[in-house]
Amino acid sequence: MTIRNLEDGDIEIFVAFANATGWSYEAADAERLLRLFPGGFFVSEDDGVPNGFATALGFGARGVIGNVVVEQKRRKGGIGRALTNACVKHLKDAGASDIGLYAYENVVPFYERLGFKKGGTFVTMKGKASLSCRGHGAVDVDDKMAKEIHSLDAKLFGADRTRMLKALRGEFPELALASADGGDVEGYLYARGSERTGYEVGPWASQGGQGVVLLDALLGKVEAGSEIWVTIPEANRTAKAAAARLGFKPLFKTVEMALGAKPAAPDERMLALCGLEKG
């Protein structure tokens, strides 16, 4: 088995692997990750044939491991361990001291054996877009707001994600929304996706009670009937209630894990992850 960095020619098979696992990926999603984190996108292969993938997203002192996927018939053969270890090494070499991931409940023991500790639980919920949604009070993010959002997000997430936020807004400007109070950003919501694959919400944050307004506005922005996913800290009653009020239903749970120490509880103002693979 060989571990190497992903190249453009690997993207098609990565998307096939990811979607066979139940994710809703497009080539653009993989291209975005490769562009933003070129040294942290790994492929495992035997005799030149890929059999697994993983990503390591570095945000300075904080790193996130995501997209660990192994070909069905090759699981339990050490590939997942090798990919995870490659991600950990890459992040540590880049200066990360806090390395985390979001694990499906059935693979928590696997990551525990690699030294990861369990933290809080997150719930992924699914809803559908509706033209009846309005989200009065939500506006498109402009350049001034974006700078405020980058600063606020760094406080809530614990690391600077400006590059990724810029990329999401650049690709999906109509899905980057904010609410403001007296000219200052009170909350923000970014999303990505398409009518074909559905949309993923995140990050979604609010310092006041306008979180539901932002999610409501998103539902009215995309094609009616489109599927939308959002991953929320299970302990955050405000976020869960806001999503439920707009028709979202729980699908499955994941567990936040961190290498060597139990992860800290997320800031209550952070209503949803950027995505399971992005933190």
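The values are calculated or read from the model by the stated rules, or taken from the named source; none is laboratory data. Please read all numbers here as calculations on a predicted model, not as lab measurements. Note that we place each Cβ from the backbone using ideal geometry, even for glycine, and neighbour counts take in every protein chain shown.
Taken over segment 37-81, the criterion of being in contact with a strand residue (DSSP E or B) (Cβ under 7 Å, 6 or more places away or on another chain), in a helix (DSSP H, G or I) and over 24 Å from P263 (Cα atoms) is satisfied by G39, R74, I79. Among the residues making up segment 158-167, those that are surrounded by fewer than 21 Cβ atoms within 10 Å (Cβ to Cβ), at negative phi and either under 12 Å from the mean Cα position of the chain (by Cα) or not in a helix (DSSP H, G or I) (or both) are A159, D160. For segment 175-190, a residue qualifies if it is modelled with pLDDT under 90 and of a type in the set (A, V, I, L, M), and exactly one does: A180.
Among the residues in segment 13-20, are any in contact (Cβ under 8 Å) with a residue 24 or more places away in the chain, among the β-branched types (V, I, T) and either within 25 Å of E200 (Cα to Cα) or in a helix (DSSP H, G or I) (or both)? For segment 13-20, residues in contact (Cβ under 8 Å) with a residue 24 or more places away in the chain, among the β-branched types (V, I, T) and either within 25 Å of E200 (Cα to Cα) or in a helix (DSSP H, G or I) (or both): present. Restricting E234, E195 to those that are farther than 24 Å from A56 by Cβ, surrounded by 14 or more Cβ atoms within 10 Å (Cβ to Cβ) and of a type in the set (D, E, K, R) reduces the list to E234. The C-beta contact set for segment 180-194 (first residue under 17 Å from M270 (Cα atoms), second residue loosely packed, with under 14 Cβ neighbours inside 10 Å, distance under 6 angstrom, 6+ apart or interchain) comprises E186/G208. Filtering segment 256-274 to residues that are closer than 26 Å to N19 by Cα and surrounded by fewer than 22 Cβ atoms within 10 Å (Cβ to Cβ) leaves only A258. Checking each residue in segment 66-115 for being among the hydrophobic types (A, V, I, L, M, F, W, C), farther than 12 Å from F53 by Cβ and within 19 Å of the chain's Cα centre (by Cα) picks out V88, L91, A96, I99, L101, A103, V107, V108. Being within 20 Å of the chain's Cα centre (by Cα) and surrounded by 23 or more Cβ atoms within 10 Å (Cβ to Cβ) is the requirement here; does E200 meet it? The answer is yes for E200.
Of the listed requirements (1) more than 24 Å from A242 (Cα to Cα); (2) small (G, A, S); (3) surrounded by 16 or more Cβ atoms within 10 Å (Cβ to Cβ), G127 misses just one: (1).
A quick yes/no check of all residues on (1) at pLDDT 90 or above; (2) in contact with a Phe, Trp or Tyr (Cβ under 8 Å, 6 or more places away or on another chain); (3) within 22 Å of I149 (Cβ to Cβ):
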{"position": "S194", "(1), (2), (3)": "yes, no, no"}
{"position": "F248", "(1), (2), (3)": "yes, no, no"}
{"position": "L271", "(1), (2), (3)": "yes, yes, yes"}
{"position": "K278", "(1), (2), (3)": "no, no, yes"}
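L175 meets all of the listed conditions (1) buried (at least 17 other Cβ atoms within 10 Å of the Cβ); (2) in contact (Cβ under 8 Å) with a residue 24 or more places away in the chain; (3) farther than 21 Å from P233 by Cβ; (4) out of contact with any helix residue (DSSP H, G or I) (no Cβ under 7 Å at 6 or more places or on another chain) but one, namely (4). Only one of the listed residues (G202, G208, G198, G260) is of a type outside the set (A, V, I, L, M) and at pLDDT below 90. That residue is G208. Kindly check whether there is at least one residue in segment 132-149 that is among the small types (G, A, S), modelled with pLDDT of 95 or more and outside the structural domain of V15 (by TED's automatic domain parsing). The answer is yes; a qualifying residue exists.
If you go through segment 82-106 and pick out every residue that is within 24 Å of N5 (Cα to Cα), out of contact with any helix residue (DSSP H, G or I) (no Cβ under 8 Å at 6 or more places or on another chain) and either part of a helix (DSSP H, G or I) or among the aromatic types (F, W, Y) (or both), you end up with 9.
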